[in-house]
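Undergrad: The structure is given below, and queries will be raised subsequently.
Read-outs throughout are calculated quantities, based only on the coordinates presented, and are distinct from any laboratory measurement. Bear in mind the structure is a predicted one, so any value in this text is a computation, not a measurement. In this analysis, Cβ positions are derived from the backbone assuming ideal geometry, glycine residues included, and neighbour counts consider all displayed protein chains.
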Amino acid sequence: MHDRKITDIHNVEFKPFDRYGSPVPKMSWHIISYDKSSGYGSYILKMDAGAQTVPHTHLGFEEFLIVEGELIDSDGMVFKKGDFVSFEPGSQHSSFSIKGALIMVFQRGLNKPTVEV
């Protein structure tokens, strides 16, 4: 017997993205293995058209794969379908999506908001 979980990322229930406390408008997520207290694990992030992330500092690595759509980072860099992005501990940013995006996120530490949420 194997202890495993298989998730069809195109057929899951999304809940309001409340990682920083209050739900972030136009964002939802499906937790796969993410632990809110440690900041470790994986989740699927859905950003509707016009969604904007909370500006934050990474206390550990944050990596993500753009599955669908595109994401524009605070420095103007555009991440498109198939891009795997890695942010190192200590980096700061925020992102937004004009068209919407589906993102597979891998966290290895908490993020600290740089603005009040």
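Undergrad: Between Glu13 and Phe84, what is the label-point separation in nm under the 7 Å Cα-to-beta-carbon projection?
TA: Result: 3.1 nm between the two label points.
Undergrad: Let me ask something else. Determine the gain in length on full extension of the stretch Gln52-Lys99; use 0.36 nm per residue of separation and subtract their C-alpha separation, reporting nm with one decimal.
TA: Fully extending the segment from Gln52 to Lys99 adds 15.8 nm.
Undergrad: Enumerate the lysines that Lys80 could reach by cross-link, defined here as Cα to Cα under 26 Å, with residues fewer than 8 away along the same chain left out.
TA: Lys15, Lys26, Lys46, Lys99, Lys112
Undergrad: Arrange the following residues from fewest to most other Cβ atoms within 10 Å of their Cβ: Lys81, Lys5.
TA: Arranged by neighbour count, lowest to highest, Lys81, Lys5 become Lys5, Lys81.
Undergrad: If you plug each phi of region 53-59 into the Karplus form 6.51 cos²θ - 1.76 cosθ + 1.60 with θ = phi - 60°, what whole-Hz ³J(HN,Hα) values come out, in order, with x for Gly and Pro?
TA: Rounded to whole hertz, the list is 6, 6, x, 8, 10, 8, 8.
Undergrad: Please return the longest range in the chain lying between exposed loop sites, taking GluC sites (Glu not before Pro), DSSP loop only, at most 10 other beta-carbon atoms within 10 Å, and leaving the sites out.
TA: 14-115
Undergrad: Further question on the same structure: Fewest first, what order do Val78, Val24, Val12 take by the number of other Cβ atoms within 10 Å?
TA: Ordered from fewest to most neighbouring Cβ atoms within 10 Å, Val78, Val24, Val12 come out as Val78, Val12, Val24.
Undergrad: Within the P(r) computed for region 18-109, what percentage of the Cα pairs occupies the region above 17 Å?
TA: Roughly 45 percent, once rounded to a whole number.
Undergrad: Using the number of other C-beta atoms within 10 angstrom as an exposure proxy, rank Arg19, Arg108, Arg4 with the fewest first.
TA: Ranked by crowding around the Cβ, least crowded first: Arg4, Arg108, Arg19.
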